1. Which pairs have Cβ atoms under 7 Å, sit 6 or more apart or on different chains, and link a residue in the stretch 1-27 that is outside the structural domain of residue 62 (by the TED database) and surrounded by fewer than 18 Cβ atoms within 10 Å (Cβ to Cβ) to one that is modelled with pLDDT under 90 and not aromatic (Phe, Trp, Tyr)?
2. Quick one: count up the residues across the stretch 172-201 that are open to solvent by 20 Å² or more (accessible area, probe 1.4 Å), in contact (Cβ under 8 Å) with a residue 24 or more places away in the chain and over 11 Å from the mean Cα position of the chain (by Cα).
3. Go through the stretch 154-171 residue by residue and tally those that are under 21 Å from residue 12 (Cβ atoms) and open to solvent by 40 Å² or more (accessible area, probe 1.4 Å).
4. Out of 63, 47, 53, I need the residue that is of a type outside the set (Asp, Glu) and either open to solvent by less than 30 Å² (accessible area, probe 1.4 Å) or touching a Lys or Arg at 6+ places or on another chain (Cβ under 7 Å) (or both). Which one?
5. Please go through the stretch 80-134 and pick out each residue that is among the β-branched types (Val, Ile, Thr) and surrounded by 17 or more Cβ atoms within 10 Å (Cβ to Cβ).
6. For residues in the stretch 51-86 being of a type in the set (Val, Ile, Thr) and in a strand (DSSP E or B), which is farthest from residue 102 (Cα to Cα)?
7. Among residues belonging to the stretch 66-79 that are under 25 Å from residue 130 (Cα atoms) and not charged (D, E, K, R), point out the one that is surrounded by the fewest Cβ atoms within 10 Å (Cβ to Cβ).
8. Identify the single condition in (1) modelled with pLDDT of 95 or more; (2) open to solvent by 70 Å² or more (accessible area, probe 1.4 Å) that residue 40 does not satisfy, given that it satisfies every other one.
Amino acid sequence: MNLIAESAALLGEKLDRSGCEDGIVVIDVNPDAEHCPYERGACMEGAFGGRTAQFVTNSPIRAAPKVSDMVGAPLPNENERAAACSVINAVAGFLCLSRRLKGCEKSNHPLCLAALTQELTEKMVYCIGDLREIPTALGSRVVDTPEAADLLLVSGDGMISELGMALIDQYRGKKEILLLTPSTAGVATMQKFPHWCPYGR
């Protein structure tokens, strides 16, 4: 079972016999959404119970799955994993398990980057996914291999990739892993990973 399928199964356990597992999550793509500046791609928005959560990806879809459709599904490709993450984010937000559902306001972008740079001081970092300006901000602290890193920094697109899932599985418990952006919030909650999104809404 891959990381995203396992996270969906964990969510399913929390929802068992609650009735929420039969609920529908409406997933749409919002080209005008303001999303986290660390991410690149289309912004999917999953809506459930009046809460809307973002997942930014290069593999967007529009769908309206039951929550239970994600539980036990193998999720073999990035499109399905992106959709599952959208479901997990929205439902975790509805249950108040996750509080970071959308990217922060533009005024907070430089504050977040400065705080993250400070947080990672003296750590050698390997980036999983397209993290845009973070490698430039961290400079020589970004390394080319996970073996050389103290910490793996993971974006949403990195988290759903085959390589990203394999690296998280390989280094979990051996190196620090920090999930970044609202896109990763639901999986971080299910898997109890540290999560960075201090200004998310």
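The values are calculated or read from the model by the stated rules, or taken from the named source; none is laboratory data. Small disclaimer: the values here were computed from a predicted structure and weren't measured. So basically every Cβ, Gly included, is an ideal-geometry build from the backbone, and we count neighbours across all protein chains shown. Just so you know, the surface numbers come from the protein's heavy atoms only, side chains and all, with ligands and any DNA or RNA stripped out. Shrake-Rupley method; radii C 1.70, N 1.55, O 1.52, S 1.80 Å.
1. none
2. Adding up the residues that qualify gives 5.
3. Residues in the stretch 154-171 being under 21 Å from residue 12 (Cβ atoms) and open to solvent by 40 Å² or more (accessible area, probe 1.4 Å): 1 in total.
4. Of the residues listed, the single one that is of a type outside the set (Asp, Glu) and either open to solvent by less than 30 Å² (accessible area, probe 1.4 Å) or touching a Lys or Arg at 6+ places or on another chain (Cβ under 7 Å) (or both) is 53.
5. Scanning the stretch 80-134 gives 87, 88, 91, 125, 128, 134.
6. So the residue we want is 57.
7. 74
8. (1)
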